[in-house]
Amino acid sequence: SYRKGGYHAVRVGDSFAGGRYIAQRKLGWGEFSTVWLAYDTKSSNYVALKIQKSAPQFAQAALHEIELLSAIADGDPTNSKCVVRLLDQFKHTGPNGQHLCMVLEFLGDSLLRLIKYNRYKGLELNKVREICKCILIGLDYLHRELGIIHTDLKPENILLVSTIDPAKDPIRSGYTPILERPEGNPNSGVTLNGIEKKLKRRARRAVARISERRASMGGVVRNPKPERSLNGINVSCKVVDFGNACWANKQFAKEIQTRQYRAPEVVLHSGYSFSVDMWSFACTAFELATGEMLFTPKGGQGFDEDEDHLALMMERLGKMPRKIAIGGARSKDYFDRHGDLKRIRRLKYLPLDRLLVDKFKFSDTDAREFSEFLIPILDFAPEKRPTAQQCLQHPWLNINLTHNEEKNETSLKKVVVGMSNLNINVGK
Ligand code: ADP
Ligand code: MG
């Protein structure tokens with residue numbers, strides 16, 4: 001994909017936007033982009049630099065994403081609504097073409113990595129609650145205040161907020177920004193203009209100050225880890241990736257959402273609205289609490305993935321009301337006129353609370369309370385699902401259990417701390 005129209009190859013120390021941003025290391029990638037940790041020499045802050053593939057369709061998608069991210073930033077001047085903030089944007093010309101670049105606030109690991117670090121055992125319920133609150137604050141903002149549907153909510157697209165800001169505390173975080181390509185002059189053949197020279201001088205001075213302070217501490221980084229226990233702080237996170245998001249009144253795609261998080265009305269092509277994000281939210285909450293996806297449909301003999309998906313939903317949530325089952329443009333492919341599936345005839349019903357107890361060893365109380373929170377959000381009738389605002393009022397979010405606090409402490413620490421130390425190598 002590193003060819004004409006594709007990704008822009010970045011090396012550590014590469015500079016962007018006239019020398020303002022300097023690439024530190026790769027944070028992640030998606031279908032359309034690579035994302036790098038960069039040092040902003042102007043604000044002396046770390047940022048995430050999302051560099052889009054250059055072909056016209058990717059540039060178009062990036063422009064749309066920037067439009068949404070700009071509205072999100074404008075509507076939330078205090079940056080407190082649990083959605084990633086766009087800080088800047090620019091174009092970068094490289095050997096593969098012209099790439100639109102988004103400068104985003106730098107966040108930590110995704111919830112998917114958090115689940116992995118926890119060895120797919122599920123997080124302690126108090127952590128799940130804190131994370132759910134953040135996601136709901138984000139969704140409420142997007143839906144009610146802005147009219148935006150995310151359409152791709154899932155653990156991968158929700159990032160933790162780092163507990164230590166390495167830019168504000170480079171000594172404790174143990175990380176000094178890289179200002180040039182390690183193997184030589186990053187700007188060979190390029191003449192820096194006055195502003196660029198000034199930025200670079202300023203950044204060099206800042207790094208020198210950090211080294212001096214480190215030396216004055218005997219050259220060792222004392223206490224590179226956060227002192228605060230994660231028990232005492234909120235596990236906050238933010239919604240990211242607006243590459244597929246849309247204005248509710250200007251929808252363009254029929255087939256939205258990642259398979260496992262896809263709402264039934266999307267499978268059936270019955271039309272959709274904000275409540276598709278609520279469905280994905282419930283799937284995400286279940287996965288955080290159990291370590292396993294709620295629905296993992298697979299095609300089989302004589303039936304496809306969609307029909308399996310509908311069957312799995314009904315096995316967990318009960319029979320789909322006939323009116324809803326036969327109401328979509330694709331209903332005839334899967335349902336007969338009675339509202340029964342055409343090819344998958346025998347369903348094994350197991351209600352959510354039973355599953356939580358039997359398979360995931362929840363206590364009866366935990367299982368009942370958690371299902372009471374989730375089941376209304378997983379209503380087959382989209383208009384009956386509670387809104388994010390209504391979910392925020394649910395008593396389950398305010399239960400505060402104090403027992404069992406230690407259970408997931410190690411994994412959480414590893415992830416958040418690892419991230420703020422900037423030491424985890426994200427690969428590829
Ligand atoms: P795509 O639209 O190509 O999927 P994303 O916006 O989802 O791109 O970003 C791809 C990956 O980059 C994410 O899964 C995450 O690992 C990382 N990433 C994205 N934004 C940030 C950020 N603001 N801070 C830290 N990492 C990020
Ligand atoms: Mg993504």
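The values are calculated or read from the model by the stated rules, or taken from the named source; none is laboratory data. Predicted model, so just to flag it, every value in this text is computed and none were measured. Glycine also receives a Cβ, built like all others from the backbone with ideal geometry; neighbour counts cover every protein chain displayed.
Quick rundown of the values:
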item	result
Test for LYS53: is it within 11 Å of ligand 1 (Cβ to nearest atom), more than 21 Å from VAL161 (Cα to Cα) and more than 18 Å from the chain's Cα centre (by Cα)	yes
Single residue of SER162, SER70 found to be away from ligand 2 (no atom under 16 Å from the Cβ), of a type in the set (S, T, N, Q) and modelled with pLDDT of 95 or more	SER70
Whichever residue in segment 102-146 is among the charged types (D, E, K, R), outside any loop (DSSP other than H, G, I, E, B) and under 15 Å from ALA289 (Cα atoms) and, among such residues, is farthest from ligand 1 (Cβ to nearest atom)	ARG129
Among the residues listed as ALA38, ALA62, the single one being buried (at least 20 other Cβ atoms within 10 Å of the Cβ) and either in contact with a helix residue (DSSP H, G or I) (Cβ under 7 Å, 6 or more places away or on another chain) or closer than 18 Å to THR176 by Cα (or both)	ALA38
Segment 260-285 - residue that is among the hydrophobic types (A, V, I, L, M, F, W, C) and outside any helix (DSSP H, G or I) and, of those, farthest from the chain's Cα centre (by Cα)	LEU268
Failed item, numbered, when ARG228 is tested on (1) at pLDDT 65 or above; (2) assigned to a loop (DSSP other than H, G, I, E, B); (3) away from ligand 1 (no atom under 16 Å from the Cβ)	(1)
Residue match in segment 14-27 (condition: outside any loop (DSSP other than H, G, I, E, B), touching a residue at least 60 places away in the same chain (Cβ under 8 Å) and within 23 Å of ASP152 (Cα to Cα))	yes
Test: residue in segment 184-195 that is more than 16 Å from ligand 1 (Cβ to nearest atom) and at pLDDT 80 or above	no
Single match in LEU294, LEU199 (criterion: at pLDDT below 85, among the hydrophobic types (A, V, I, L, M, F, W, C) and either part of a loop (DSSP other than H, G, I, E, B) or farther than 30 Å from LEU352 by Cβ (or both))	LEU199
VAL128, sole failed condition from (1) aliphatic (A, V, I, L, M); (2) more than 16 Å from ligand 2 (Cβ to nearest atom); (3) free of Cβ contacts under 8 Å to residues at least 60 places away in the same chain	(3)
Members of segment 332-356 found to be in a helix (DSSP H, G or I), in contact with a helix residue (DSSP H, G or I) (Cβ under 6 Å, 6 or more places away or on another chain) and closer than 13 Å to LEU268 by Cα, listed by number	TYR334
Pair list, Cβ < 7 Å and 6+ apart or interchain, from segment 238-266 residues that are under 24 Å from TYR334 (Cα atoms) to residues that are among the charged types (D, E, K, R) and within 11 Å of ligand 2 (Cβ to nearest atom)	GLN257/ASP152; THR258/ASP152; THR258/LYS154; TYR261/LYS154
Neighbours by Cβ (under 8 Å, 6+ apart or cross-chain): first from segment 50-68, at negative phi; second of a type in the set (A, V, I, L, M) and assigned to a helix (DSSP H, G or I)	GLN52/ALA59; GLN52/ALA61; GLN52/ALA62
All positions within segment 111-125 that are crowded, with 23+ Cβ neighbours inside 10 Å and either without any contact (Cβ under 8 Å) to a residue 60 or more places away in the chain or touching a strand residue (DSSP E or B) at 6+ places or on another chain (Cβ under 7 Å) (or both)	LEU111, LEU114
Selection count, segment 11-49, where residues are under 20 Å from LEU69 (Cβ atoms) and away from ligand 1 (no atom under 16 Å from the Cβ)	3
Residue selected from segment 69-99 under the condition crowded, with 20+ Cβ neighbours inside 10 Å and of a type in the set (A, V, I, L, M, F, W, C), by the criterion farthest from PHE252 (Cα to Cα)	CYS82
Among (1) touching a helix residue (DSSP H, G or I) at 6+ places or on another chain (Cβ under 9 Å); (2) over 30 Å from GLY291 (Cβ atoms); (3) within 15 Å of ligand 2 (Cβ to nearest atom); (4) not in a helix (DSSP H, G or I), the one test that ILE51 misses	(1)
Total residues in segment 323-335, condition surrounded by 13 or more Cβ atoms within 10 Å (Cβ to Cβ) and farther than 12 Å from ALA381 by Cβ	7
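Residue by residue, here is whether (1) modelled with pLDDT of 95 or more; (2) within 12 Å of ligand 1 (Cβ to nearest atom); (3) not in a loop (DSSP other than H, G, I, E, B) holds:
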| residue | (1), (2), (3) |
| --- | --- |
| TYR2 | no, no, no |
| GLY6 | no, no, no |
| ALA9 | no, no, no |
| GLU65 | yes, yes, yes |
| SER80 | yes, no, no |
| LEU87 | yes, yes, yes |
